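The structure under discussion appears below in the form of structure tokens.
The values are calculated or read from the model by the stated rules, or taken from the named source; none is laboratory data. In this text, all values refer to a predicted model and were calculated from it rather than measured experimentally. For neighbour counting, all protein chains shown are included, and Cβ atoms are generated from backbone atoms with ideal geometry for every residue, glycine included.
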Amino acid sequence: MNDKAYLGLMENLRGRGMQPMDLSIGFGWIPMVDGLMESLDELAPGRWKPTQIKEKFRGLRFYYDLDTEGLSDEEGNGLHDRVRSLVSEVEKRSYLVCESCGADGKGRATRHGHYVTLCDEHAPEGSKLLRSDD
Ligand SMILES: [Zn+2]
């Protein structure tokens, strides 16, 4: 199921003009990204496009362009705010979701000093749980 989900997302992104190499997340986060894109399509149909989707510092980063042409300043700003808040909500949620499988995840530091969000099963050997204030 994983490969299919990944290819589906890749295809979707390519159709929106994003380069495949600008997608670098684990399988576990694909449903979140799919859901986010659906919500964005409802909120700003035809006005947004993804530019890069990746993991950074153990969290999802979702970059996009938003086109507010033809809207008043007020409408444009309002749309920016609503899109931004949708995206940050999902980015925030990613810190609790295993990037590998989508189960409940926790912040961990690997032996090599990388920060990752993974479930117990996918925790790399020798990694340490982060305290909540790390
Ligand atoms: Zn997992």
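Residues that are in contact with a helix residue (DSSP H, G or I) (Cβ under 9 Å, 6 or more places away or on another chain) and of a type in the set (A, V, I, L, M) within segment 19-36 comprise 23, 25, 30, 32, 33, 36, listed in sequence order.
Conditions (1) among the aromatic types (Phe, Trp, Tyr); (2) touching a strand residue (DSSP E or B) at 6+ places or on another chain (Cβ under 7 Å); (3) in contact (Cβ under 8 Å) with a residue 12 or more places away in the chain, marked per residue:
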{"site": "61", "(1), (2), (3)": "no, yes, yes"}
{"site": "68", "(1), (2), (3)": "no, no, yes"}
{"site": "72", "(1), (2), (3)": "no, no, no"}
{"site": "78", "(1), (2), (3)": "no, no, no"}
{"site": "84", "(1), (2), (3)": "no, no, no"}
{"site": "93", "(1), (2), (3)": "no, no, yes"}
{"site": "98", "(1), (2), (3)": "no, yes, yes"}
{"site": "105", "(1), (2), (3)": "no, yes, yes"}
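Among the residues of segment 29-47, those identified as loosely packed, with under 12 Cβ neighbours inside 10 Å and charged (D, E, K, R) are 38, 42.
Within segment 92-104, does at least one residue satisfy the condition of being under 30 Å from residue 128 (Cα atoms) and modelled with pLDDT under 95? There is no residue in segment 92-104 that is under 30 Å from residue 128 (Cα atoms) and modelled with pLDDT under 95. Looking only at segment 1-16, residues that are modelled with pLDDT of 95 or more and outside any helix (DSSP H, G or I) come to 1 in all.
At least 3 residues being within 16 Å of the ligand (Cβ to nearest atom) is the threshold, and among the strands (runs of 3 or more DSSP E) wholly inside segment 24-114 those reaching it are 106-109.
Among the residues of segment 115-126, those identified as more than 9 Å from the ligand (Cβ to nearest atom) and outside any loop (DSSP other than H, G, I, E, B) are 115, 116, 117. Listed residues 17, 70, 26, 113; which is loosely packed, with under 13 Cβ neighbours inside 10 Å and under 21 Å from residue 5 (Cα atoms)? Unique residue meeting the criteria: 17.
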